[in-house]
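Down below is the structure, laid out as structure tokens.
The values are calculated or read from the model by the stated rules, or taken from the named source; none is laboratory data. From a predicted model like this one, the values you see are computed outputs, not experimental measurements. Every residue, glycine among them, receives a Cβ derived from its backbone with ideal geometry; neighbour counts consider all protein chains shown. Note: accessible area is taken over every heavy atom of the protein model, side chains too, but ligands, DNA and RNA are not part of it. Shrake-Rupley method; radii C 1.70, N 1.55, O 1.52, S 1.80 Å.
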There are 2 protein chains.
Amino acid sequence: MIDANRLRTFTEQIFVAIGCSEADARLSADVLISADLRGVDSHGVARLPGYIRLYDHGRLNPQPRIRVVHETPSTAVVDGDRGLGLVVGPAAMQIAIEKARVAGTGWVAVRNSNHFGIAGYHALLATEHDMIGQAMTHAAPLVAPTFSLEKMLGTNPIAVAVPALTEPPFLADFASTAVAYGKLEILQRKGQPAPIGWAQAADGGPTTDSNAVKNGGALLPLGSDREHGSHKGYGLGAIVDIFSGVLSGANYGPWVPPFATAGFMQADEGVGIGTGHFFGAMRIDAFRPADDFKAHMDTWIQRFRSAKAVEGQRVLVPGDPERAMEAERLVTGIPVLEPVIKSLDELGERFGVRL
Amino acid sequence: MIDANRLRTFTEQIFVAIGCSEADARLSADVLISADLRGVDSHGVARLPGYIRLYDHGRLNPQPRIRVVHETPSTAVVDGDRGLGLVVGPAAMQIAIEKARVAGTGWVAVRNSNHFGIAGYHALLATEHDMIGQAMTHAAPLVAPTFSLEKMLGTNPIAVAVPALTEPPFLADFASTAVAYGKLEILQRKGQPAPIGWAQAADGGPTTDSNAVKNGGALLPLGSDREHGSHKGYGLGAIVDIFSGVLSGANYGPWVPPFATAGFMQADEGVGIGTGHFFGAMRIDAFRPADDFKAHMDTWIQRFRSAKAVEGQRVLVPGDPERAMEAERLVTGIPVLEPVIKSLDELGERFGVRL
């Protein structure tokens, strides 16, 4: 277990060491540590070495000039200037929030960015202003559409955050796949098989091989197979890809560049500029008085949470499990796996920073 | 097989017979026949007797005054005045389109409506104006959230339509459940079991009973079970419910009134006004030049359609199967089941209209 603040300070110092401003380093660390606190370990400090590899490959600009390249009263397209998605995301969300103040809603498509951490972090920013927040991003292809042998889409998550009055915000934040790739990685490490419906084999058939994605297979869309609605998960992932990539002028589909590998795609191989995201902010009182809405959200949340449940279980409201995890890990610290600690120590050594 | 135009004329005449204007009757028939043509038989003329039952129960106003009750440059709340959702939907979408012309995007929450037919019909309206269209609606509770024994959400569909240049529009239109209830009804009629993962039994456990929903069970969210991401389908259905119900001032969750049963909920039992929907229109050139975007959509569509596929299958783009069905049924006519024909004949007899 490592104390969250110790991880936070270390992460900030690493980002400063590659040339980020103090403010950008602080924000980026906050996005990553927030993932660790909420139990989304795959999107936290475990990714720090990946961002540094991006920097080493010349794909990350530590001092980006993030700018609006096109706008209307309720929309903007933002060029992230190859900045950290962890910084570009909140900047774009802030523009969406400002648009919503004036026009009722704000919608920002982003290109020329890279991995932005957990989508929920960005969506939640809007709730502080009595707005509903939305954040989505595409990612490098790991997912086979229904009947496809090729990987065509990323895990393409979508997050929607809705403020309530006395209850904490509703926060749905989920990938458009049956499971995150991180869940297969956990089974790989343990040498255990995966449930049918998480991945497909190289021939497109069902498999329990937790290494299937590496062995020519692919992750499956939410729904797993045609009979259980995989075409719906594919549709959802496709919408995220079109909003994040085609609307913004970024790459899309199989052309989305990988997060941080050596064999990354050259700029001139793509169909657009870098990785894209899409953000939305809707002012509650552009629809009905904010306190009125938020009181009804309390009713919604309390009614769902009190639904009669299967024995031994409870019905949760989206956001509940992550919030409970955060409360726990703020006290206990964050369990960081040995290989992750090793990779962080290597970074520390390289940049003269101590974990 | 019944010719589409014969069904269309009959449906129009029935709506006129209950007091709808010629224009509203024509539009309503178009929404229903469009569902039949695209193969979504559960949302076509089979529903006509249900709308008439709504009318008989005093829950349907054939001459509604549809009005904007609140607005900002990019948003509006519309009161449907208990009109046919088939009419309220396109009216609200038109307001979203007008907002988008000026503000870049338009977002309309609707209350005091009822069943609006297929979501895709409404979303597609935006594409004729070089806009991306979105339509969603909640519905009466049939679905159990993850670990719930109670039915708390409807099948809550979402549709997103995106225009392309030479290709027909991308159209994703799907319920947030593993399957539509209509698929269980087909198996009920045949006396056949359902695949595991479509519904849960009264105790919340897995079942192959195609009558499970009637026998105290429930439909399952997209993802089917916790291990395969049912909490994601639940999250998606919840978002649709909050946008359609809580934002608009309609009912929500378990309080959403049933489509057209005798045992409908009294107005004073609810938490809002009638059934709700949510619509969005985003002007493409609020983000990038429309022809530029649409050319990239052609590339997106062609790349996905040409993905290497499982033997004997093709990778489809959302909207492909329904378009193929429409082309076929315009020629062959629409296969209407015997019980549906009988119920239409009864309506015809009552109103002096011949099918």
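A 1.4 Å probe run over segment B:1-108, with the rest of the protein chains in place, finds 35 Å² accessible per residue.
Selection among A:Ala199, B:Ser28, A:Leu124 by position relative to the dipole of the protein assembly as shown gives A:Ala199 as farthest towards the positive end (Cβ unit charges, Cα centre). The mean number of partner chain beta-carbon atoms within 10 angstrom of a residue's beta-carbon across peptide B:144-152 is 6. Dividing the summed helix terms, -39500 (n - 2.57) for each DSSP H run of n ≥ 4, by the number of residues in chain A produces a 222 nm estimate of -12000 deg cm²/dmol to the nearest 500. Shielding by partners for peptide B:102-111, expressed as the average number of C-beta atoms from other protein chains within 10 Å of each residue's C-beta, is 5. Which Cα, out of B:Gly223, B:Thr275, B:Ile242, lies furthest along the positive dipole direction of segment B:183-281 (beta carbon charges, K/R +1, D/E -1)? About the Cα centre, the residue reaching furthest to the positive side is B:Gly223. The phi torsions of segment B:208-219, fed into the Karplus equation with coefficients 6.51, -1.76 and 1.60 and a -60° offset, translate into couplings of 10, 6, 6, 9, 4, 5, 6, 9, x, x, 7, 5 Hz, rounded to whole numbers, with Gly and Pro shown as x.
Counting protein heavy atoms only, the protein assembly as shown has 52 percent of its accessible area on carbon and sulfur, 1.4 angstrom probe. Of the whole protein surface, B:Lys214 contributes about 130 Å² of accessible area at a 1.4 Å probe radius. With a 1.4 angstrom probe, the accessible area lost at the A-B interface totals about 7000 Å².
Of the residues A:Pro62, A:Pro257, A:Pro168, the one that moves most in a GNM of chain A with alpha-carbon contacts below 10 Å is A:Pro168. Note on chain A: GNM, Cα springs under 10 Å; of A:Ala180, A:Ala96, A:Ala307, the largest mean-square fluctuation is that of A:Ala307.
Closest approach to the axis carrying B onto A, counted by Cβ on chain B and given in whole Å with its residue, is B:Ser74, 2.
Using a 7 Å projection from Cα along Cα-to-Cβ, the label point at B:Pro335 is separated from the same position in the remaining copies by 5.3 nm, smallest value first. Dimensions of segment B:138-185 along the principal axes, based on C-alpha atoms and rounded to the nearest Å, stand at 48, 20, 17, largest first.
Using a 7 Å projection from Cα along Cα-to-Cβ, the label point at B:His57 is separated from the same position in the remaining copies by 5.8 nm, smallest value first. Counting charges near B:His296 (Lys, Arg +1; Asp, Glu -1) among other residues having Cβ under 13 Å from its Cβ returns a value of -1. For chain A, what class follows from the C-alpha gyration tensor (a ≥ b ≥ c being the square roots of its eigenvalues): rounded when a/c is under 1.5, otherwise prolate if a/b is larger than b/c, else oblate? Since a/c stays below 1.5, the shape of chain A is classed as rounded. Shape class of segment B:11-151 from the Cα gyration tensor (axes a ≥ b ≥ c, square roots of the eigenvalues): rounded, since a/c falls below 1.5.
Estimated at the nearest 10 Å², the accessible area of B:Phe147 is 60 Å² with a 1.4 Å probe.
With a Cα cut-off of under 27 Å and a minimum spacing of 8 residues unless on different chains, the lysine pairs in chain B number 13. Label points for A:Arg189 are taken 7 Å from Cα along Cα→Cβ. From this copy to the others they lie 5.2 nm apart, shortest first.
For the protein assembly as shown, a simple Cβ point-charge model (Lys and Arg +1, Asp and Glu -1, everything else neutral) yields a dipole of about 140 debye relative to the Cα centre.
Size descriptors for the protein assembly as shown, from the alpha-carbon set: Rg then Dmax equal 24.9, 88 Å.
If I build a Gaussian network model for chain A, linking alpha-carbon pairs within less than 10 angstrom, which residue out of A:Glu12, A:Glu311, A:Glu167 has the largest mean-square fluctuation? Evaluated over chain A, the most mobile residue of the options is A:Glu311.
Surface calculation, 1.4 Å probe, protein heavy atoms: B:Thr137 sits at approximately 10 Å² accessible.
Peptides B:33-39, B:152-158, A:104-110, B:47-53 ranked from most to least packed by the mean count of surrounding Cβ atoms within 10 Å: A:104-110, B:152-158, B:33-39, B:47-53.
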